[in-house]
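Reading through the structure tokens given below for one structure.
Values quoted throughout were computed directly from the atomic coordinates according to the rules given, and no laboratory measurement underlies them. Worth saying up front: this structure is predicted, and the values here are computed from it rather than measured. Cβ placement follows ideal geometry from the backbone for every residue including glycine, while neighbour counts extend to all protein chains displayed.
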Amino acid sequence: MNVRRFLCVAGLLVLLGLAGCSGAPVRLGEGARPAAGEVDYSRGRTLSASASGFQLLLFIPINVNDRQERAWQLLRGQAGGDYITDVKIQESWTWAFIGTVYKTTLEATAYPRKTP
């Protein structure tokens, strides 16, 4: 009985660990494209946003799984109502003494809508 209980607990811990390693996909560029002539492509500006997470002891994720979503929300906030295009994603990591820092940087171009 003890071996069976141990295996159940071990299996549960493995499943919990695997569930902690999953993240939701980020849909860049969701929504409708603007109609032709609605965007002023002569006044584009470059936007950049970053979000980081930390993997403690290479086992415990802290803000790692949702960093792409957080960076995308920051980028959308910078753009306001402007049209975002040409999104580039850069992933990097830095070793720290007790873990690893993971960083996602998004760079994009935002074009304002034409005013009537």
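When every alpha-carbon pair in the chain is counted, what percent end up more than 26 Å apart? Present the calculation step by step, with values, prior to reporting the outcome.
Values: 2766 of 6670 pairs.
Tail of the P(r) past 26 Å holds 41 percent of the pairs.
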key: Cα-based helix-to-principal-axis angle, 2-19 vs the chain, degrees rounded to 10   = 10 degrees
note = Highest GNM mean-square fluctuation among 101, 64, 14, for the chain with Cα springs under 10 Å, belongs to 14
inquiry  = Only Cα pairs within less than 10 Å get springs; with that Gaussian network setup on the chain, which residue of 75, 12, 106 has the largest fluctuation?
reply    = 12
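If each DSSP helix of 4+ residues adds -39,500 (n - 2.57) and the sum is divided by the residues in the chain, what number results at 222 nm, nearest 500 deg cm²/dmol?
Values: 2 runs with 31 residues, N = 116.
Helix-only estimate at 222 nm: -9000 deg cm²/dmol.
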Length-normalised contact order for the stretch 42-116 - Cα pairs under 8 Å, 6+ apart - percent = 44 percent
ask   = residue 102: net charge of surrounding residues, Cβ under 10 Å, Lys/Arg +1, Asp/Glu -1, itself excluded?
value = +1
inquiry  = Apply the Karplus curve 6.51 cos²θ - 1.76 cosθ + 1.60, θ = phi - 60°, to the phi angles in the stretch 61-77 and return the couplings in whole Hz, x for Gly and Pro.
reply    = x, 10, 6, 8, 6, 10, 5, 5, 5, 5, 5, 5, 5, 4, 5, 5, x
query = Which of 81, 11, 29 moves the most in a Gaussian network model of the chain with Cα springs under 10 Å?
reply = 11
message = Exposed loop sites here are chymotrypsin sites (Phe, Trp or Tyr not before Pro) in DSSP loop states with at most 10 other C-beta atoms within 10 Å. What is the longest stretch of the chain lacking them?
response = 1-58
